[in-house]
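The block underneath contains the structure these notes are about, expressed in structure tokens.
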Amino acid sequence: MGQYSARSLERRRNLAKKENYKAAYENLRKIYEDLRSGEIEVDELDVKLKKALEYIAACKDVLKKQEAKVSDVLKEIEKESKE
């Protein structure tokens, strides 16, 4: 995470709040498809790649939060099964 500036981290957090996983994933997939098909012009490549990094970060954030929730539920189930 040392590669992100404070401003970039703030944008990442805001993006994670504004967009859910599905939207971020679909936007990321669109950028990927555009890259593969050659639809992205060289002039806009850096902007699209930066946006892709933001979508990846948003997806990771959502997945980490969901992983924590699942872990909590599993611990609760385990605790109840021991009682």
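Every number here is computed from the coordinates shown, using simple stated rules; none is lab data. As the structure is a prediction and not an experimental result, all values here were calculated from the model. When we count neighbours, we look across all protein chains shown, and the Cβ atoms used for this are built from the backbone with ideal geometry, even at glycine.
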Final fewest-first order of 43, 61 on the 10 Å Cβ neighbour count is 43, 61
Of 48/69; 30/75; 22/69; 22/82; 30/60; 30/65, which sit over 27 Å apart, Cα to Cα? 48/69; 30/75; 22/82
Theoretical ellipticity at 222 nm over the chain - DSSP helices of four or more residues, -39500 (n - 2.57) apiece, nearest 500: -30000 deg cm²/dmol
What number, in percent, do you get for the relative contact order of the chain if the mean sequence gap of Cα pairs under 8 Å and at least 6 apart is divided by its residue count? 43 percent
